[in-house]
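Take a look at the structure set out below.
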Amino acid sequence: MAEIEPGARLCSGYFDEAAQIALLRELEKAIARAPLFTPTMPRTGRPFSVRMTNCGPLGWVSDRARGYRYQDRHPETGEPWPPIPPVLLAAWEALADYPHPPQACLVNFYGREARMSLHQDRDEADFSAPILSVSLGADCRFRLGGGKRADSSRVFVLSSGDVMTLGGPARLRFHGVDRLLPELAPKLASPLFAEGGRINLTLRRVT
Ligand code: SIN
Ligand code: MN
């Protein structure tokens with residue numbers, strides 16, 4: 001576990017290949033129940049380039065009419081989200097240093113051209129818990145900024161199996177994904193990765 005900035009920790013290779021494959025099987029089941037959907041931006045209605053779904057009591061969603069929010073149901077099926085896979089709850093227990101379990105697990109799927117612009121995670125009512133983020137699939141160029149959008153940022157590679165936590169002084173730092181590095185994708189056999197891609201799982205406390 002390396003502290004890359006105060007409160008920002010990177011645990012490279014936290015999940016070994018067997019654990020990544022087991023986690024992928026769990027995600028395949030979760031996505032069968034709660035299909036990936038394309039969120040849209042508040043106001044403009046522009047589609048995100050990632051597709052997403054959630055696990056856990058609450059899920060993060062966004063659309064033109066109602067903006068960014070958490071809700072307990074899938075926006076298209078109207079069904080509750082599937083449970084958070086136990087292996088992710090165990091990672092939270094081991095790494096989050098927080099006395100309560102996560103309430104939401106956002107599942108972001110990046111196709112080869114997808115990216116995530118610089119943003120803060122600030123739709124939660126309480127910032128005392130860290131966010132814990134797991135990478136699976138293709139490597140990506142991850143950008144970590146400061147507390148303000150204009151602050152300087154640094155870039156590093158996140159690889160399959162890596163876990164990053166942003167807590168304490170890093171909880172509200174801007175961050176995003178510049179692009180995938182598909183040529184470095186490991187061979188994780190899954191229908192989800194039939195055309196390459198990356199999955200990011202973000203665990204959060206919400207209330
Ligand atoms: C996010 O901030 O929602 C995703 C970050 C990532 O994909 O690593
Ligand atoms: Mn984020």
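The table below lists the values:
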item	result
Burial order of peptide ranges 1-12, 83-94 (average beta-carbon count within 10 Å, highest first)	83-94, 1-12
Ordering of 160-168, 39-47 by packing [mean C-beta count within 10 Å, highest first]	160-168, 39-47
Global geometry of the stretch 89-193, whether rounded, prolate or oblate, following the gyration tensor of its Cα atoms and the 1.5 cut on a/c	oblate
Unit charges at the beta carbon, dipole of the chain: most positive-side option, 165, 2, 142	142
Cα gyration tensor, the stretch 56-146 - rounded (a/c under 1.5), prolate or oblate	rounded
Mean Cβ neighbour count within 10 Å, used as a protection proxy, ranking 110-121, 137-148 highest first	137-148, 110-121
Translational diffusion of the chain, µm² s⁻¹ [Kirkwood Rh, Cα pairs; Stokes-Einstein; 4 °C; 1.567 mPa s]	76 µm²/s
DSSP beta bridge pairing in the stretch 2-204, given as percent antiparallel to the nearest 5	95 percent
Hull volume in cubic angstrom per residue (convex hull over the Cα atoms of the stretch 7-102)	131 Å³
Where 77, 207 fall by accessible area, highest first, once all protein chains stay in place (1.4 Å)	207, 77
Values of log10 I(q)/I(0), in the order q = 0.13, 0.16, 0.17, 0.25 Å⁻¹, for the stretch 109-156 under a Debye, Cα-only, solvent-free model	-0.41, -0.61, -0.69, -1.21
Cysteines, the chain, no other Cys beta-carbon under 4.7 Å	11, 140
Share of carbon and sulfur in the accessible heavy-atom surface of the chain [1.4 Å probe, %]	52 percent
Accessible surface, the chain, averaged per residue in Å² (probe 1.4 Å)	47 Å²
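The values are calculated or read from the model by the stated rules, or taken from the named source; none is laboratory data. Predicted model only: the values in this text are computed from it and were never measured. A quick note on method: Cβ atoms are made from the backbone with ideal geometry, for glycine too, and the neighbour counts reach across all protein chains shown. Accessible surface is based on the protein model in full, side chains and every heavy atom, while ligands, DNA and RNA are left aside. Shrake-Rupley method; radii C 1.70, N 1.55, O 1.52, S 1.80 Å.
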